[in-house]
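Enquirer: Just passing along the structure, written as structure tokens.
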Amino acid sequence: MSRLAHLRGRLAHELDRRPTVRAVAPGLLLVFGGVLAFAGLLDAVWENDDVSLFDQPVLAALVASRGALATAIFGVITAVSGPIVLPAIVAVACLTWARVRHEWWRPLLLMGAMVTSTAISVAIKGIVARPRPPLDTMVVPGAEMSASFPSGHTIGAATLLLVTWYLVVRRYRSTARQVGWAVGTVVGTLAVGLSRMYLGYHFLTDVLAAIALAVAILGVVTIVDRLHTLRGRPQR
């Protein structure tokens with residue numbers, strides 16, 4: 001234990017001497033972890049092995065378990081997290097945030113993250129060009145015919161929740177608030193991802209890949225924000 005404590009002390013000392021490294025290290029870990037997870041999922045999809053072997057069984061199980069109430073609830077969730085409603089919610093929230101709090105930096109970060117998530121999702125969909133699940137598994141057959149990998153709804157919702165969580169945690173240090181936002185982020189992301197599979201529009205790997213990309217985007221946001229703070233610029 002003493003050796004471990006000594007190593008921790010040396011690491012802390014070295015990081016104190018290099019504030020830039022200390023600032024970007026957490027974000028780099030998030031980017032690395034998110035990209036690595038995404039790469040593994042993409043490889044599984046291309047090779048049709050590993051995690052992708054669960055795609056069809058999970059989809060079939062969810063389709064078989066459908067009920068009227070759950071379908072209605074997940075339909076609302078998927079509509080709210082879609083490409084029309086979610087951007088409108090984010091735009092209104094960021095404008096309200098900037099106006100009420102008299103700051104532009106954090107709302108700008110959130111908007112930038114959302115635009116980035118959309119651009120990445122569209123680009124990867126075009127490159128991978130993975131077909132959607134069969135029409136007979138969709139609640140509304142043919143309602144969504146764009147490429148399937150990754151899930152655009154999930155990456156949008158996960159990015160919004162993760163980045164908002166980070167921005168709130170950075171501003172408010174209370175444990176209760178941090179835990180509350182963390183739980184809300186996990187539940188919200190899983191609800192959106194599950195809704196996409198339950199309604200038959202995506203496979204499990206589509207949803208997991210979207211979450212991995214959202215984690216990487218969060219990492220970029222933390223790097224930009226912490227460097228901004230390190231340079232002593234006002235959080236406005």
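The values are calculated or read from the model by the stated rules, or taken from the named source; none is laboratory data. Predicted model only: the values in this text are computed from it and were never measured. Cβ placement follows ideal geometry from the backbone for every residue including glycine, while neighbour counts extend to all protein chains displayed. The protein model used for the area step is the full one, side chains on, heavy atoms only, and it has no ligands, DNA or RNA in it. Shrake-Rupley method; radii C 1.70, N 1.55, O 1.52, S 1.80 Å.
Enquirer: Tilt of helix 19-47 relative to the longest C-alpha principal axis of the chain, in degrees (0 to 90, nearest 10)?
Expert: Long axis of 19-47 versus the principal axis of the chain: about 20 degrees.
Enquirer: Using a probe radius of 1.4 Å on heavy atoms only, what accessible surface per residue do you get for the chain? Whole Å² is fine.
Expert: Each residue of the chain exposes 54 Å² on average to a 1.4 Å probe.
Enquirer: Viscosity 1.306 mPa s, temperature 10 °C: Stokes-Einstein D of the chain from its Kirkwood Cα radius, in µm² per second?
Expert: Translational diffusion coefficient: 82 µm²/s.
Enquirer: Could you give the C-alpha radius of gyration of region 140-207 expressed as a fraction of 2.2 N^0.38 Å, taking N as the number of residues it contains?
Expert: Dividing the Cα radius of gyration by 2.2 N^0.38 Å gives 1.33.
Enquirer: Rounded to a whole number, what % of the accessible area of the chain do carbon and sulfur atoms account for, probe 1.4 Å?
Expert: Answer for the chain: carbon and sulfur cover 71 percent of the accessible area.
Enquirer: A further question follows. At a Förster distance of 25 Å, what's the computed FRET efficiency of HIS102 paired with ARG231, Cβ-Cβ distance as r, to 0.05?
Expert: Taking R0 as 25 Å, the efficiency between HIS102 and ARG231 is 0.75.
Enquirer: Now for a separate question. Report TRP165's accessible area, 1.4 Å probe, all protein chains in place, as a number in Å² to the nearest 10.
Expert: Near enough 80 Å² of accessible area.
Enquirer: Normalised by the number of residues in the chain, what is the relative contact order in percent for Cα pairs under 8 Å and 6+ residues apart?
Expert: For the chain, the relative contact order is 37 percent.
Enquirer: Could you give the angle, 0 to 90 degrees to the nearest 10, between helix 204-230's Cα long axis and the longest principal axis of the Cα atoms of the chain?
Expert: For helix 204-230, the angle is close to 20 degrees.
Enquirer: Of THR71, THR118, THR154, which is the most mobile in a GNM of the chain whose springs link Cα atoms less than 10 angstrom apart?
Expert: Of THR71, THR118, THR154, the most mobile in the Gaussian network model is THR71.
Enquirer: Rounded to the nearest whole Å³, what is the per residue volume of the convex hull around the Cα atoms of region 26-81?
Expert: Looking at region 26-81, the number lands at 117 Å³ per residue.
Enquirer: Continuing with this model, one more query. Among 172-181, 188-197, 94-103, what's the highest-first ranking by average C-beta atoms within 10 angstrom per residue?
Expert: 188-197, 94-103, 172-181
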